[in-house]
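Report on one structure; see the data block that follows.
The values are calculated or read from the model by the stated rules, or taken from the named source; none is laboratory data. Bear in mind that the values here come from a model prediction, so they are computed numbers and not experimental data. Cβ coordinates were reconstructed from backbone atoms using ideal geometry, including for glycine residues, and neighbour counts include every protein chain displayed.
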Amino acid sequence: MSKKNKLRISLTFLLLIIVFASCQNVKVEEPNKKQASSKRPNILFIMSDDHAYQAISAYGSQLIKTPNIDRLADEGMLFSNACVSNSICAPSRATILTGKHTHINGKIDNRMPFDTTQVTFPQIFQKNGYETAMFGKLHFGNNPKGVDEFMILPGQGHYINPDFITKKGDTTIQGYVTDIITDLTINWLKKDRDPDKPFMMMYLHKAPHRPWWPSPEKFKEFSTKTFPEPTTLFDDYKNRGTAAKTAEMNLLYHMMYSHDSKIRPETLAEMGNVRPNVKEYKNSFYGPYGRADAKQKAQYEPVLDSINNFFKKNWPNMTDEEKMKWKYQRYMQDYLACISSVDDNVGRVLDYLEKSGLAENTIVVYTSDQGFYLGEHGWFDKRFIYDESFKTPLIVRWPNNIKPGSVENEMVQNLDFAQTFLEAAGIESPGDMQGESLMPLLLGEKGKWDRDAVYYHYYEYPSVHMVKRHYGIVTKEFKLFHFYYDVDEWELYDRLKDPNEMNNVYNDPAYASTVNKLKKELKELRVKYKDSPELDKKYINIYNNKK
Ligand code: SGN
Ligand code: CA
């Protein structure tokens with residue numbers, strides 16, 4: 001073979017190798033890339049506003065069936081001891097987004113706007129190649145950062161024909177808020193998102209927040225139902241401290257006729273002063289209801305008629321006990337009707353995930369910004385470290401990772417969400433986040449989990465519902481907390497012996513060593529989370545100067 005021919009053959013051979021290698025590259029790289037992106041899970045974070053775990057059938061509710069939320073529990077993990085670190089709306093949201101306690105992220109109450117220099121986890125997801133979106137209630141006083149698309153309710157938002165803040169300006173959408181937020185969510189998943197990127201979606205309901213306006217259909221359906229009463233409905237707050245006795249959340253004394261129970265102002269005017277010491281917010285009936293158009297009103301009116309007629313006829317002759325019972329039923333009818341819509345709509349989204357093939361690689365989380373009293377201790381609303389407001393529902397589904405139908409009773413907090421999502425997505429968390437990733441629990445590696453106490457600190461006071469400031473420590477067995485603003489009172493509850501928290505045993509000598517031990521641990525927790533008497537003073541000053 002000539003030298004020239006030899007060279008030609010070698011060159012051809014070399015070329016073949018290059019072509020082969022480059023083909024290999026394409027072949028090898030392509031599936032790798034795909035695998036890598038399909039491995040990164042999507043996250044669908046569903047949060048409702050004020051949804052008590054007592055109103056989810058997966059949590060054993062005697063009040064309502066929530067088949068769609070239950071689907072998540074059947075196919076995923078239900079946390080029976082999930083709680084918040086400050087049981088109030090915007091502070092809880094700030095904690096979720098920043099992975100920091102409210103004394104660190106600065107959003108201690110609902111009033112002051114969120115500090116947008118704080119890093120939120122959607123920003124980190126966005127920087128790491130995720131497409132991010134948020135639909136529904138944020139309640140920050142400013143727009144979300146780190147989301148490619150958003151449509152949020154201004155402030156608390158409205159149930160009927162709600163307004164939305166969008167990137168392109170403000171708009172009003174006809175219909176019922178829970179259905180609309182779901183439409184926006186499904187629409188984005190279906191049409192607007194980039195199918196080549198994993199997504200992190202925050203689907204945030206306004207419901208079932210006060211004043212509990214259901215959709216017309218659910219209003220009708222639920223207004224004739226009767227619900228079992230909690231055993232502590234007629235609590236007299238004996239054996240509790242000043243804070244429980246002075247809080248303004250009692251159904252009989254503080255729940256409003258028009259605003260809450262849907263008694264028309266005209267009915268009240270006709271009847272004279274039915275109860276002088278129950279204050280009514282101005283325009284609190286027609287504020288939300290006045291947004292309905294004629295067609296919507298035609299659906300609501302017959303139900304309102306029957307509620308108002310019953311009230312007019314019976315209220316003047318009712319005993320206080322009967323009034324309490326009637327208010328409780330009215331409250332549950334509307335609150336649970338709102339939840340029924342949330343559950344239906346969660347079902348719509350889950351169906352879409354399945355139909356579109358997204359379900360397999362999507363982590364779905366269902367939670368609430370805090371718990372809520374459904375008549376326990378005679379109360380509605382939240383804020384206290386007592387269980388019904390402190391605990392919050394938390395259910396997580398992640399096919400092929402979480403064992404279906406599992407129940408986890410470790411103490412977990414909304415503080416942990418950001419780090420959990422980041423770890424699930426393979427993204428490193430900033431070192432200053434204060435939670436713990438829940439991944440070991442989700443993946444059934446409980447040996448890697450060693451938390452035995454959580455920290456709580458509530459600030460907003462004095463304000464609506466008058467719940468005094470307090471901070472405390474909670475373990476599976478005990479709850480120790482301190483009211484420190486205008487009283488100096490401690491309470492201790494034995495969670496195992498007294499699950500309804502009826503007896504403050506702080507001064508019981510039998511618990512003296514428990515008190516000492518927990519006080520020491522509480523002090524350590526305050527140091528660990530960088531809370532202190534100095535910070536307490538700082539926030540008291542900020543709060544007082546703001547008033
Ligand atoms: C409103 C409610 C209160 C509720 C706070 C905070 N009254 O003031 O009942 O505690 O919001 O709720 S209402 O007039 O709006 O019905 S939060 O969920 O936003 O923190
Ligand atoms: Ca809330």
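Would you pick out the residues in the stretch 516-547 that are at pLDDT 95 or above and over 22 Å from Thr95 (Cβ atoms)?
Answer for the stretch 516-547, where residues must be at pLDDT 95 or above and over 22 Å from Thr95 (Cβ atoms): Asn516, Lys517, Leu518, Lys519, Lys520.
Identify the single condition in (1) surrounded by 23 or more Cβ atoms within 10 Å (Cβ to Cβ); (2) within 16 Å of ligand 2 (Cβ to nearest atom); (3) closer than 20 Å to Lys325 by Cβ that Met249 does not satisfy, given that it satisfies every other one.
Only one criterion is unmet by Met249, namely (1).
Is it fair to say Ala243 is outside any loop (DSSP other than H, G, I, E, B), within 16 Å of ligand 1 (Cβ to nearest atom), outside the structural domain of Phe483 (by TED's automatic domain parsing) and aliphatic (A, V, I, L, M)?
Against the criterion (outside any loop (DSSP other than H, G, I, E, B), within 16 Å of ligand 1 (Cβ to nearest atom), outside the structural domain of Phe483 (by TED's automatic domain parsing) and aliphatic (A, V, I, L, M)), Ala243 qualifies.
Please verify whether the stretch 212-230 includes one or more residues that are under 25 Å from Ile180 (Cα atoms) and within 16 Å of ligand 2 (Cβ to nearest atom).
Yes, the conditions are met somewhere in the stretch 212-230.
Among (1) closer than 17 Å to Val365 by Cβ; (2) crowded, with 23+ Cβ neighbours inside 10 Å; (3) more than 14 Å from ligand 2 (Cβ to nearest atom), where does Gly136 come up short?
(3)
May I ask you to say which residue of Phe121, Phe114 is at pLDDT 95 or above, more than 16 Å from ligand 1 (Cβ to nearest atom) and crowded, with 20+ Cβ neighbours inside 10 Å? Walk me through it before giving the result.
Working: Phe114 fails: more than 16 Å from ligand 1 (Cβ to nearest atom).
Result of the check over Phe121, Phe114: Phe121.
Name the single residue that is surrounded by the most Cβ atoms within 10 Å (Cβ to Cβ) among those in the stretch 468-502 being closer than 24 Å to Tyr543 by Cα and of a type in the set (Val, Ile, Thr).
Ile473
Looking at Lys220, Lys225, Lys190, Lys145, which is the one that is surrounded by fewer than 19 Cβ atoms within 10 Å (Cβ to Cβ), out of contact with any strand residue (DSSP E or B) (no Cβ under 7 Å at 6 or more places or on another chain) and free of Cβ contacts under 8 Å to residues at least 40 places away in the same chain?
Exactly one residue qualifies, and that residue is Lys145.
From the list Thr102, Thr116, Thr98, pick out the single residue that is under 24 Å from Met433 (Cα atoms) and within 15 Å of ligand 2 (Cβ to nearest atom).
Being under 24 Å from Met433 (Cα atoms) and within 15 Å of ligand 2 (Cβ to nearest atom) holds for just one of Thr102, Thr116, Thr98, which is Thr102.
So is Arg93 within 20 Å of the chain's Cα centre (by Cα), within 16 Å of ligand 1 (Cβ to nearest atom) and modelled with pLDDT under 95 or not?
Judged against the criteria, Arg93 is not a match.
Output yes when any residue across the stretch 161-175 is crowded, with 16+ Cβ neighbours inside 10 Å and within 16 Å of ligand 2 (Cβ to nearest atom), and no when none is.
Checked against the condition, which is being crowded, with 16+ Cβ neighbours inside 10 Å and within 16 Å of ligand 2 (Cβ to nearest atom), the stretch 161-175 yields no hits at all.
Of the residues that sit in the stretch 54-92 and are assigned to a loop (DSSP other than H, G, I, E, B) and within 16 Å of ligand 2 (Cβ to nearest atom), which one is farthest from Asn110 (Cα to Cα)?
Checking each candidate, the answer is Ile56.
All but one of (1) more than 16 Å from ligand 2 (Cβ to nearest atom); (2) out of contact with any Gly (no Cβ under 8 Å at 6 or more places or on another chain) hold for Ile395, so report the exception by its number.
Result: Ile395 passes all but (2).
I need every pair where a residue in the stretch 499-523 that is under 19 Å from Lys238 (Cα atoms) has its Cβ under 6 Å from the Cβ of a residue that is part of a helix (DSSP H, G or I) and not basic (Lys, Arg), sequence separation at least 6 or different chains.
Qualifying pairs under 6 Å: Val505/Tyr511.
Touching a residue at least 12 places away in the same chain (Cβ under 8 Å) and either over 30 Å from Phe234 (Cα atoms) or of a type in the set (Val, Ile, Thr) (or both): is that true of Trp449 in this structure?
Taking the combined requirement at face value, the residue satisfies it.
Among the strands (runs of 3 or more DSSP E) lying completely within the stretch 397-515, list those that include at least 1 residues that are assigned by TED's automatic domain parsing to the domain that holds Ile96, of a type in the set (Gly, Ala, Ser) and at pLDDT 95 or above.
The strands (runs of 3 or more DSSP E) meeting that bar are 406-408, 470-474.
Just to be sure I understand, how many residues within the stretch 258-311 are surrounded by 14 or more Cβ atoms within 10 Å (Cβ to Cβ) and in contact (Cβ under 8 Å) with a residue 40 or more places away in the chain?
Of the residues in the stretch 258-311, 22 are surrounded by 14 or more Cβ atoms within 10 Å (Cβ to Cβ) and in contact (Cβ under 8 Å) with a residue 40 or more places away in the chain.
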